[in-house]
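The values are calculated or read from the model by the stated rules, or taken from the named source; none is laboratory data. Bear in mind that the values here come from a model prediction, so they are computed numbers and not experimental data. No Cβ is skipped: glycine too gets one built from the backbone with ideal geometry, and neighbour counts run over all protein chains shown.
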Ligand code: WT7
């Protein structure tokens, strides 16, 4: 293994060996004019027509690369075809199934066929196509096929429930769904079509393309991908897109009960996906990158598809679970495929910490060069475990802070610049302006915690709106500070500009790095006939970071274990297994302000055994005392 870091005090810095191969070796790049920086980067992409205006801002809207014409699939496929290279390495979960390597040439053919099939089904530029697929190569074919013809993909995480899928199909007004009959997970066959049938019932969606991943029959009212795809030509002319045309939408949770469709554009998003993949992971020509995120999340969109492919790199995707057949699986994959860049989440690292490093020791991880983490703050213990056991104390850990809304990475330490400080994400990426402000929007002093915001010029990868909900776009991101983008995260900065994140300041919780809305879970509970009112709050969890618990006021009936079970099921059905409530407390009343707002902060405090002071703003201060007795 290469030796890429040296330690000074409690900080790690890039070694000479690291610097010698790093794209960025010093901090000059941070001082560059921000718009010029992104223009220079965008020139690395292939444009059909160059832009005239690099950046235009009329808040809360802004545009990048106006008048520019581009197609994302061309950038991710066609321009790499002559390199004779592998684009995707796919590892199926069952050990007796062979890995599949797909060259850029094959990718071009598969994507073109898929794009032609979509066209045959009357999908047009600007239409939304919903994708509900596990981690199989066809998910990437599907994304790029949409991009090829200018359709907007909307991926729904395949472990989400039928109701979650349905609501996203309806909100997206989508008429075509791409799914699979199932996949393998923890050694089992997971069948998807029962969920699909329920999801599309009563919607306008009539066309369902099914990838036969399992040897199971595909109902005749669905389109069998394998049969149909062979009829299509392997050539498809790419659609000419405006830089600002949407590439995809991706639903994410916010503070209300309804997920929002975050819109990302084509040219700006691709520029930031490309640039951050290259600089953060120091990707060179022959590097193999493995980002373990499912494409159902933004991390998978950007770093398991658009980023590495736009660079012409090889990416690896794995179908299954990290513990199948045991906790050595991931390390085996790294060893056997000589993975160079490995990007995962703190929740996975904590899982490996718990189940010991005995598995890690069995494998040779010498091919690794850069490690990455994303999704939630990484505590020092997890950081150190990752650093020592996977990086053998030789590799930089790139802790990347970003969001579904930012499209690509925003805060991190660059591999050739550093420093790498356990639990600090790092500095704002070159070309991006971040600040920490108080409630009034004024910058806070060094070391003081405040709201993390982005300042103008807003990065090219940023969201361009909320699908069919302009009001929500304005209210969520632009109402608190007007001229600053509100991340809803709390953070503080050290004297050198390194940022440490302290978590969300809104009612979003992060379960195993995945974003869940307390309101969405509460709505699911409220809809149960036995429930009068509910409040959901997070409690700390050793592996998953946070998990939700609920306080429930009953409408009728009596508290029982059976009712508890049913209510837990209600929420899982609405959202999916990640929204499994750890506990339900039946209470008589919930603490509320005079305006009727449930004080979740107080409930959180009660659960952590904090002394609750200042209940005078509540209409029902007694409720706190009673809940306390109930919890004791
Ligand atoms: C929220 C966004 C970005 C892809 C995955 C999550 C938290 C994300 C970090 C990090 C501390 C982080 C923030 C953010 N978060 N990365 N490196 N350190 N917190 O995307 O589901 O949209 O969630 O995840 O709270 O707001 P997301």
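Observations on the structure shown:
- Within region 302-329, the set of residues being under 15 Å from residue 104 (Cα atoms) and either away from the ligand (no atom under 16 Å from the Cβ) or not assigned by TED's automatic domain parsing to the domain that holds residue 355 (or both) comprises 309, 310, 311, 312, 313, 314, 315, 316.
- Tally of residues being within 14 Å of the ligand (Cβ to nearest atom), under 27 Å from residue 307 (Cβ atoms) and in contact (Cβ under 8 Å) with a residue 40 or more places away in the chain across region 437-484: 9
- Filter pass, residue 188 being at pLDDT 95 or above and farther than 30 Å from residue 329 by Cα: no
- When residues in region 526-547 are screened for being part of a loop (DSSP other than H, G, I, E, B) and within 24 Å of residue 592 (Cβ to Cβ), 4 of them pass.
- The condition of being within 14 Å of the ligand (Cβ to nearest atom) and within 27 Å of residue 109 (Cβ to Cβ) does not hold for residue 287.
- Filter result (surrounded by fewer than 21 Cβ atoms within 10 Å (Cβ to Cβ) and touching a residue at least 60 places away in the same chain (Cβ under 8 Å)) within region 75-88: 78, 79, 83, 85, 86
- For region 622-632, residues that are surrounded by 14 or more Cβ atoms within 10 Å (Cβ to Cβ) and either more than 37 Å from the chain's Cα centre (by Cα) or over 21 Å from residue 553 (Cα atoms) (or both) total 2.
- Residue satisfying condition, being within 12 Å of the ligand (Cβ to nearest atom), more than 30 Å from residue 243 (Cβ to Cβ) and in the same structural domain as residue 28 (by TED's automatic domain parsing), within set 382, 425, 408: 382
Residue-by-condition table, conditions (1) more than 18 Å from residue 259 (Cβ to Cβ); (2) crowded, with 23+ Cβ neighbours inside 10 Å; (3) out of contact with any helix residue (DSSP H, G or I) (no Cβ under 8 Å at 6 or more places or on another chain):
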residue: 452; (1), (2), (3): yes, yes, yes
residue: 476; (1), (2), (3): no, no, yes
residue: 498; (1), (2), (3): yes, no, yes
residue: 506; (1), (2), (3): no, no, yes
residue: 509; (1), (2), (3): no, yes, no
residue: 512; (1), (2), (3): no, no, no
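- Set side by side, the residues 500, 472 differ, and just one is modelled with pLDDT of 95 or more and either outside any strand (DSSP E or B) or closer than 23 Å to residue 249 by Cα (or both), which is 472.
- Matching option when the condition is surrounded by fewer than 24 Cβ atoms within 10 Å (Cβ to Cβ) and on the phi < 0 side of the Ramachandran plot, among 198, 140, 178: 198
- Scanning region 411-422 for residues that are within 15 Å of the ligand (Cβ to nearest atom) and in contact with a helix residue (DSSP H, G or I) (Cβ under 7 Å, 6 or more places away or on another chain) returns 412, 414, 422.
- Counted residues, region 387-401 - those being near the ligand (Cβ under 9 Å from one of its atoms) and touching a residue at least 60 places away in the same chain (Cβ under 8 Å): 2
- Long-range neighbours under 6 Å by Cβ, at least six apart or interchain, first residue under 18 Å from residue 594 (Cβ atoms) and not assigned by TED's automatic domain parsing to the domain that holds residue 538 within region 605-632, second assigned to a helix (DSSP H, G or I) and modelled with pLDDT under 85: none
- Number of the exception - residue 322 against (1) surrounded by fewer than 24 Cβ atoms within 10 Å (Cβ to Cβ); (2) free of Cβ contacts under 8 Å to residues at least 40 places away in the same chain; (3) assigned to a helix (DSSP H, G or I): (3)
- Residue identified as within 14 Å of the ligand (Cβ to nearest atom) and surrounded by fewer than 24 Cβ atoms within 10 Å (Cβ to Cβ) among 255, 299, 276, 203: 255
- Counted residues, region 590-604 - those being without any contact (Cβ under 8 Å) to a residue 60 or more places away in the chain and crowded, with 16+ Cβ neighbours inside 10 Å: 5
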